[in-house]
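A.B. asks: Mind having a look at this structure? Questions to follow.
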Amino acid sequence: MNGKQNYITESPAQTKKLGRLLAKEILKNKPAKTGRVLALSGDLGAGKTSFVQGFARGLGVKETVNSPTFTVAKTYPLKNRGGFKNFYHIDCYRLESGADLGFLDIKKIFAGCQNIVAIEWPDVAGKILPKNTIAVDFETTGKNSRSISFDF
Ligand code: ADP
Ligand code: MG
């Protein structure tokens with residue numbers, strides 16, 4: 001993968017597969033100075049969590065990844081894959097502002113170079129996202145079709 005990517009998926013399985021592929025690409029690159037953050041934007045039902053499920057699988061996570069909507073954040077240990085040790089799935093859907101993220105010590109999570117983070121509804125965290133955050137944008141283009149784009 002290199003540069004702006006634009007995909008159309010026609011099923012949840014295809015969206016998961018795309019997430020898995022991106023995870024494998026990310027693992028090919030050594031950890032950088034900050035955590036590796038994915039910011040996933042798009043309407044409810046656009047496929048963000050489906051993508052994260054495949055992404056986690058690609059990172060080697062065996063547990064089932066569910067939407068963390070009611071828990072805000074979930075942590076999954078990684079077996080030192082490519083130098084990465086933790087995967088965080090964060091969902092800010094229910095948060096009013098970035099201040100609500102304070103209790104998570106989220107700056108530390110973003111800063112930790114051994115962390116991979118997928119954050120849904122990232123707008124409230126906008127100011128504190130690392131500069132090299134990968135924006136992944138989702139659009140519902142039909143009953144089962146989704147347009148997914150990112151730059152990596
Ligand atoms: P989000 O996290 O963006 O709210 P989810 O992944 O939780 O989205 O939900 C996506 C919903 O859309 C699921 O019910 C899924 O079955 C459905 N769906 C239909 N087509 C697709 C597709 N191509 N990719 C992902 N989800 C799809
Ligand atoms: Mg979701």
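A.B. asks: Determine whether LYS4 is of a type in the set (Lys, Arg), more than 16 Å from ligand 1 (Cβ to nearest atom) and either open to solvent by 50 Å² or more (accessible area, probe 1.4 Å) or modelled with pLDDT under 95 (or both). Full working, then the answer.
C.D. replies: Working: of a type in the set (Lys, Arg): yes; more than 16 Å from ligand 1 (Cβ to nearest atom): yes; either open to solvent by 50 Å² or more (accessible area, probe 1.4 Å) or modelled with pLDDT under 95 (or both): yes.
Taking the combined requirement at face value, the residue satisfies it.
A.B. asks: Please go through segment 23-55 and pick out each residue that is among the aliphatic types (A, V, I, L, M) and more than 14 Å from ligand 1 (Cβ to nearest atom).
C.D. replies: Within segment 23-55, ALA23, ILE26, LEU27, ALA32, VAL37 qualify.
A.B. asks: Additional query: Residues in segment 26-36: is at least one open to solvent by less than 20 Å² (accessible area, probe 1.4 Å), over 25 Å from SER147 (Cβ atoms), modelled with pLDDT of 95 or more and in contact with a Phe, Trp or Tyr (Cβ under 9 Å, 6 or more places away or on another chain)?
C.D. replies: Restricting attention to segment 26-36, the residues satisfying the condition of being open to solvent by less than 20 Å² (accessible area, probe 1.4 Å) are 26, 35.
Next cut, over 25 Å from SER147 (Cβ atoms) only: 35.
Narrowing the set further to residues that are modelled with pLDDT of 95 or more leaves 35.
Still in the running and in contact with a Phe, Trp or Tyr (Cβ under 9 Å, 6 or more places away or on another chain): 35.
Yes, that holds for at least one residue.
A.B. asks: Another question, then. Tell me which of these LEU129 doesn't satisfy, since it passes every other one: (1) open to solvent by less than 60 Å² (accessible area, probe 1.4 Å); (2) farther than 13 Å from LEU40 by Cβ.
C.D. replies: Condition (2) is where LEU129 drops out.
A.B. asks: Looking for whichever is aliphatic (A, V, I, L, M), touching a residue at least 60 places away in the same chain (Cβ under 8 Å) and open to solvent by 10 Å² or more (accessible area, probe 1.4 Å) here; the options are ALA73, ALA99, ALA135. Which one fits?
C.D. replies: Values: ALA73 fails: touching a residue at least 60 places away in the same chain (Cβ under 8 Å); ALA99 fails: touching a residue at least 60 places away in the same chain (Cβ under 8 Å).
That would be ALA135, the only listed residue that is aliphatic (A, V, I, L, M), touching a residue at least 60 places away in the same chain (Cβ under 8 Å) and open to solvent by 10 Å² or more (accessible area, probe 1.4 Å).
A.B. asks: Sticking with this structure for a sec: What number of residues in segment 76-87 are surrounded by 12 or more Cβ atoms within 10 Å (Cβ to Cβ) and without any contact (Cβ under 8 Å) to a residue 40 or more places away in the chain?
C.D. replies: Step one: of segment 76-87, the residues surrounded by 12 or more Cβ atoms within 10 Å (Cβ to Cβ) are 76, 78, 81-87.
Still in the list and also without any contact (Cβ under 8 Å) to a residue 40 or more places away in the chain: 76, 78, 85-87.
The number of residues fulfilling the criteria is 5.
A.B. asks: Given the criteria among the β-branched types (Val, Ile, Thr) and either surrounded by fewer than 18 Cβ atoms within 10 Å (Cβ to Cβ) or at pLDDT below 90 (or both), does ILE116 qualify? Walk me through it before giving the result.
C.D. replies: On the way: among the β-branched types (Val, Ile, Thr): yes; either surrounded by fewer than 18 Cβ atoms within 10 Å (Cβ to Cβ) or at pLDDT below 90 (or both): no.
Answer is no for this residue.
The values are calculated or read from the model by the stated rules, or taken from the named source; none is laboratory data. As the structure is a computational prediction, the values presented were derived from the model and not from experiment. A quick note on method: Cβ atoms are made from the backbone with ideal geometry, for glycine too, and the neighbour counts reach across all protein chains shown. Accessible surface is based on the protein model in full, side chains and every heavy atom, while ligands, DNA and RNA are left aside. Shrake-Rupley method; radii C 1.70, N 1.55, O 1.52, S 1.80 Å.
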